[in-house]
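The values are calculated or read from the model by the stated rules, or taken from the named source; none is laboratory data. If you're wondering where the values come from, they're calculated on a predicted model, not measured in any experiment. Note that each Cβ is placed from the backbone with ideal geometry, even for glycine, and that neighbours are counted across all protein chains shown.
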């Protein structure tokens, strides 16, 4: 398994294909496996890197450093080690990481694609829910995850896909729960005017977690930003409709 020593921990990644680089960042608690259905078409003409960020999947699950700043620092090391300047594609909180990376180190990022990113929503529209989730995960992690994850998907998602996602979340470390607390005070909008890297907001039409007003409001603050809505999809369109997602991604990457 390809692994990289990054800031004192081991990160798992996959690296295939040749051409313009794409770096895929999964959402909270899942892994790089969530992009699998999109990869066969993309590796034909792109270098595709999928990463399990700290605390998730096949990477180490450290008790410390589970913060937005540390994950962003990890990404800097990964990109510099692989000597790429990728389009960074981030799902959910992965989109937050991609945006923070571009703000901090625009020299390392070709463009950003944030997929149903939370933006400011955890600190405004769902702050109480975020705090409650943190408590529920302590009290009953399996039950909380099993009750929460079905709402990530649009009505066409299979039961098998939902169950597979639940298993991934339960395999990840509990230390990443710290990110909930941090996101409850996070709002990137005042800094988006300073973003120099091109950004596209891809968003599922039926996302019940993060409403469409969020990418639209963020795009309004970001010079040159685009919003692309994926019809019939919920919070994870790359898993719900990989063909439509890949076609939309190709338009910008």
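Points to keep in mind about this one:
- Annotation for segment 4-26: no member residue is out of contact with any strand residue (DSSP E or B) (no Cβ under 9 Å at 6 or more places or on another chain), closer than 25 Å to residue 215 by Cα and either surrounded by fewer than 24 Cβ atoms within 10 Å (Cβ to Cβ) or in contact (Cβ under 8 Å) with a residue 24 or more places away in the chain (or both).
- Filtered by the rule that a residue be at pLDDT 95 or above and exposed (fewer than 15 other Cβ atoms within 10 Å of the Cβ), segment 139-157 gives 139, 140, 141, 142, 143, 147, 151.
- The set of residues in segment 190-200 being surrounded by fewer than 19 Cβ atoms within 10 Å (Cβ to Cβ) and either within 15 Å of residue 98 (Cα to Cα) or modelled with pLDDT under 95 (or both) consists of 191, 194, 196, 198.
- Pick from segment 34-53, criterion assigned to a loop (DSSP other than H, G, I, E, B) and in contact (Cβ under 8 Å) with a residue 40 or more places away in the chain, ranking: surrounded by the fewest Cβ atoms within 10 Å (Cβ to Cβ): 46
- For residue 187, the test of being surrounded by fewer than 17 Cβ atoms within 10 Å (Cβ to Cβ), over 22 Å from residue 125 (Cα atoms) and touching a residue at least 60 places away in the same chain (Cβ under 8 Å) is failed.
- Test: residue in segment 201-218 that is under 15 Å from the mean Cα position of the chain (by Cα), modelled with pLDDT of 95 or more and over 13 Å from residue 117 (Cβ atoms): no
- Filtered residues of segment 72-86 (kept if outside any helix (DSSP H, G or I) and buried (at least 23 other Cβ atoms within 10 Å of the Cβ)): 86
- Given (1) at positive phi; (2) surrounded by fewer than 21 Cβ atoms within 10 Å (Cβ to Cβ), index of the condition residue 92 fails: (2)
- Subset of segment 203-251 (residues that are more than 18 Å from residue 96 (Cα to Cα), part of a helix (DSSP H, G or I) and in contact with a strand residue (DSSP E or B) (Cβ under 8 Å, 6 or more places away or on another chain)): 240, 244, 245, 248, 251
- Test result for residue 102, within 28 Å of residue 74 (Cβ to Cβ), buried (at least 16 other Cβ atoms within 10 Å of the Cβ) and touching a residue at least 12 places away in the same chain (Cβ under 8 Å): yes
- Single unsatisfied condition, residue 109 versus (1) surrounded by fewer than 17 Cβ atoms within 10 Å (Cβ to Cβ); (2) in contact (Cβ under 8 Å) with a residue 24 or more places away in the chain: (1)
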